[in-house]
1. Can you give the Rg to Rh ratio of the stretch 49-111, both from alpha-carbon atoms, with Rh computed by the Kirkwood formula?
2. Arranged from highest to lowest average of other beta-carbon atoms within 10 Å per residue, in what order do the peptides 124-136, 261-273 appear?
3. Using Cα centres only, tell me the gap between the stretch 244-317 and the stretch 154-169 in whole Å.
4. For the stretch 1-47, what's the radius of gyration and Dmax over Cα atoms, in angstrom?
5. Can you give the Kirkwood hydrodynamic radius for the stretch 75-146, in Å, rounded to one decimal and based on Cα pairs?
6. With everything on Cα atoms, drop me the angle between helix 240-251 and the longest principal axis of the chain, reported from 0 to 90° to the nearest 10.
7. Could you please rank 193, 11, placing first whichever residue has the fewest other Cβ atoms within 10 Å of its Cβ?
8. How would you rank 219, 19, going from fewest to most other Cβ atoms within 10 Å of each one's own Cβ?
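Nothing in this text is a laboratory measurement; each read-out follows from the coordinates by a stated rule. In this text, all values refer to a predicted model and were calculated from it rather than measured experimentally. Neighbour counts run over all protein chains shown; Cβ positions are idealised from the backbone, glycine included.
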Ligand code: GLY
């Protein structure tokens, strides 16, 4: 906010008093923050003709989007993502919401932005770990889409690490297109949108066990390798998929190991609160190969025996 929010408000002619801020980090994505922001808007007399402009990363986008989705039964939201993760993933597709003690993103709404505005040079002010965490979602997109997309990402890893603008522009262009393509086919995640959850069943569980101390993208990175191991153990994918995912994580400087202090049983228990559970059974979006999600003919969700999950987590240490 201090970096971009106030200057942007000035450029738009919006009084600084209309800028509402939150403490950075996942701990702000709560119902009490939603209530605080909504109450401030009501106190300040914002009407149904208001527009919420969400300037920040995924947390800001999700929370401000949820405020917009519910304020006076819904006002428009403009997403101005300032992190790589928010540019290529969180700002697109209308998922908004907050976390609860029971798990991540469990209360929310689909509320599509009227505009997404990504200004690439802001990526140069991101802490390196935040930038890398965004690359985890780019890797997910590559792995679920095609060998061509995966190869492009890996071939450009060095230029991206140097934050070269042409590479960043092409990265964001490709990955916004991937996300838009999926969301257009299945806005409400009844089918193909579930493929965007690859790495996320384990990833969200690790994130929640870490008490959100770990970045979302780091947890998804670890989750992708563990879920590749699950697919291999269930003979859905060849063992070589595990090597390919690990090599890609290494090339992008992403973590692949489950933190030693996190017990596998605790992570397994945390998967049960995931939104992806259906009729009590946890669903995984598993890869059969690069560009090929398993169970396409039965809704893209695969249930996995607990022992396979625990073995995959133990092997990821
Ligand atoms: N981040 C996954 C989705 O938007 O569906």
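1. Working: Rg = 11.0 Å, Rh = 11.4 Å.
So for the stretch 49-111, dividing Rg by the Kirkwood Rh gives 0.96.
2. Details: 124-136: 18.5, 261-273: 16.6.
My ranking of the peptides, most packed first, is 124-136, 261-273.
3. If we compute the Cα centre of each part, the gap is 28 Å.
4. Calculated on Cα positions, Rg and Dmax stand at 11.9, 31 Å.
5. On the way: mean 1/r = 0.0740 Å⁻¹.
Mean inverse Cα-Cα distance, inverted, gives 13.5 Å.
6. Helix 240-251 sits at roughly 40 degrees to that axis.
7. Working: 193 20, 11 8.
Going from sparsest to densest Cβ surroundings: 11, 193.
8. Numbers: 219 28, 19 15.
Exposure proxy ranking, most exposed first: 19, 219.
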